[in-house]
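**Student:** Below is one structure. I have some questions about it.
Just so it is clear, none of the values below were taken in a lab; they were calculated from the coordinates. Predicted, not measured: the structure shown is a model, and the values here were computed from it. Cβ: placed from backbone, ideal geometry, glycine included. Neighbour counts: every protein chain shown.
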Amino acid sequence: VRRIDVDPSRGVAVTASDDRSARVWDLARGELRHVLRPLAFGAEGGRLYGVAIHPQQPWVAVGGSTGGESRAHVIYLYDLATGALLRTIDARGGHVRKLAWSVDGSVLLATFAGERAGEHAVRAFAPDGRVLLEQTMAAPVFGLAVSAQGLAAAAALDGSVRILRAGGGAAAALHAHAM
């Protein structure tokens, strides 16, 4: 398991794993509700590193090393209640490492660690997949946190941090700090 997101009000947890699956768990009973299986390409394809439960809608976003064999990386959006695939979002870059929704659920944030310079980034997407913001970073981006006030921080392996505002269907870069 690489990531876990929990929604106590809905009584679920979702895990994302190297075994190419995400799993929706019932917290009260400790039972498996659904296994989500994005498409996998190549030896590394399908490993999942990011998962985010939408704060209002019955959705869960899942991402990772979902591209390969000349296919683009995508973020999968599933129905949390049924496990049905709702849509995919073109990740527009390398391996998705972390996912988080804005507090109001209008923005999906994703961090990336690519194989080449220029693929390390934090991106903001509308739920329909439109890119709202892209900020490239010098190193792989593995850290992401969202505050209740609508601020988000993305941290890269070189110690740099980007501060963003996300919500109301928009995202904006506020500050960058480099080590």
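**Student:** Tell me, what is the FRET efficiency for residue 35 and residue 163 to the nearest 0.05, using R0 = 25 angstrom and their Cβ-Cβ distance as r?
**Tutor:** Numbers: r = 36 Å, r/R0 = 1.45.
That pair, residue 35 with residue 163, gives E of 0.10.
**Student:** How big is the shadow of the Cα convex hull of segment 66-125, averaged over all directions, in nm²?
**Tutor:** Over every viewing direction, the Cα hull of segment 66-125 projects on average to 4.6 nm².
**Student:** Right, here's the next one. Cα atoms only: what Rg and Dmax, in Å, come out for segment 1-137?
**Tutor:** 14.0, 45
**Student:** Compute the length gained on full extension between residue 172 and residue 71: take 0.36 nm times their separation in residues and subtract their Cα-Cα distance, giving the result in nm to one decimal.
**Tutor:** So the extension gain works out to 33.5 nm.
**Student:** Could you tell me the calculated FRET efficiency between residue 26 and residue 126, based on Cβ-Cβ distance and R0 = 30 angstrom, to the nearest 0.05? Working shown, then result.
**Tutor:** Numbers: r = 30 Å, r/R0 = 1.00.
Using R0 = 30 Å, I get an efficiency of 0.50.
**Student:** Right, here's the next one. Identify the trypsin sites (Lys or Arg not before Pro) of segment 57-139 meeting these criteria: DSSP loop state and at most 12 other C-beta atoms within 10 Å of the C-beta.
**Tutor:** 116, 130
**Student:** Cα convex hull of segment 69-179: mean projected area in nm², to one decimal?
**Tutor:** 7.2
**Student:** How far apart, in nm, are two points set 7 Å out from the Cα along the Cα-to-Cβ line at residue 134 and at residue 82?
**Tutor:** If labels sit at residue 134 and residue 82, their model points lie 3.3 nm apart.
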